[in-house]
């Protein structure tokens, strides 16, 4: 994920705008603590970081469209995005109730008539090694599946549970 850098009073601040809603309005701006940026990349105009980010949490700023990524040893943060079909929409639900979700939307046209895709930043407690996400998308899919279930692991690995509803196999999981 590429970040923007601004220089104010001799200090560098890093941020990324998420979403592209009605007439190109952002869903929110995520300000990133400098400790998450590799040392060598801090002096580039557009440094890059990768999800998942361990030992981090997201706080809501005073403005509803401002989020702050801060160090915290109790959480990890990842990004999840579902691209919609042509003239459709997409959404997802996280099975684990302890997960905090910050939604963002990407409109395929200025008013969203060509489709609205949904993504989200997930703040997950460190006690959870993997999250189960059920996703759906509508519109013209050109033969691609319209729903599914994904397992996102703390390591960054994602596993797709193809043609399986998680409710059907709930009793098979190891406790």
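Of all the residues in region 121-131, those that are surrounded by 19 or more Cβ atoms within 10 Å (Cβ to Cβ) and within 14 Å of residue 95 (Cβ to Cβ) number 3. Output yes when any residue across region 97-109 is assigned to a loop (DSSP other than H, G, I, E, B), modelled with pLDDT under 95 and either touching a helix residue (DSSP H, G or I) at 6+ places or on another chain (Cβ under 7 Å) or farther than 28 Å from residue 56 by Cα (or both), and no when none is. Yes, that holds for at least one residue. Do we have any residue at all in region 84-92 that's within 23 Å of residue 49 (Cα to Cα) and modelled with pLDDT of 95 or more? Within region 84-92, not a single residue is within 23 Å of residue 49 (Cα to Cα) and modelled with pLDDT of 95 or more. Can you find a residue in region 24-35 that is assigned to a helix (DSSP H, G or I), free of Cβ contacts under 8 Å to residues at least 24 places away in the same chain and farther than 25 Å from residue 138 by Cβ? Yes - at least one qualifying residue is present in region 24-35. For region 1-23, the set of residues classified as out of contact with any strand residue (DSSP E or B) (no Cβ under 8 Å at 6 or more places or on another chain) and part of a loop (DSSP other than H, G, I, E, B) consists of 9, 10, listed by residue number. Taken together, 29, 57, 25, 42 contain a single residue that is at pLDDT 90 or above and farther than 23 Å from residue 157 by Cα, which is 29.
Filtered by the rule that a residue be assigned to a strand (DSSP E or B) and over 19 Å from the mean Cα position of the chain (by Cα), region 110-128 gives no residues. State all residues of region 39-58 that are part of a loop (DSSP other than H, G, I, E, B) and touching a strand residue (DSSP E or B) at 6+ places or on another chain (Cβ under 8 Å); if no residue qualifies, say none. Matches in region 39-58: 44, 45, 46, 47, 49, 51, 52.
Would it be correct to say that residue 86 is farther than 23 Å from residue 152 by Cβ, surrounded by fewer than 13 Cβ atoms within 10 Å (Cβ to Cβ) and touching a strand residue (DSSP E or B) at 6+ places or on another chain (Cβ under 8 Å)? Considered against the rule, which asks whether it is farther than 23 Å from residue 152 by Cβ, surrounded by fewer than 13 Cβ atoms within 10 Å (Cβ to Cβ) and touching a strand residue (DSSP E or B) at 6+ places or on another chain (Cβ under 8 Å), residue 86 comes out as yes.
The values are calculated or read from the model by the stated rules, or taken from the named source; none is laboratory data. Bear in mind that the values here come from a model prediction, so they are computed numbers and not experimental data. Methodologically, a virtual Cβ is constructed for each residue, glycine included, from the backbone with ideal geometry; neighbour enumeration extends over all protein chains shown.
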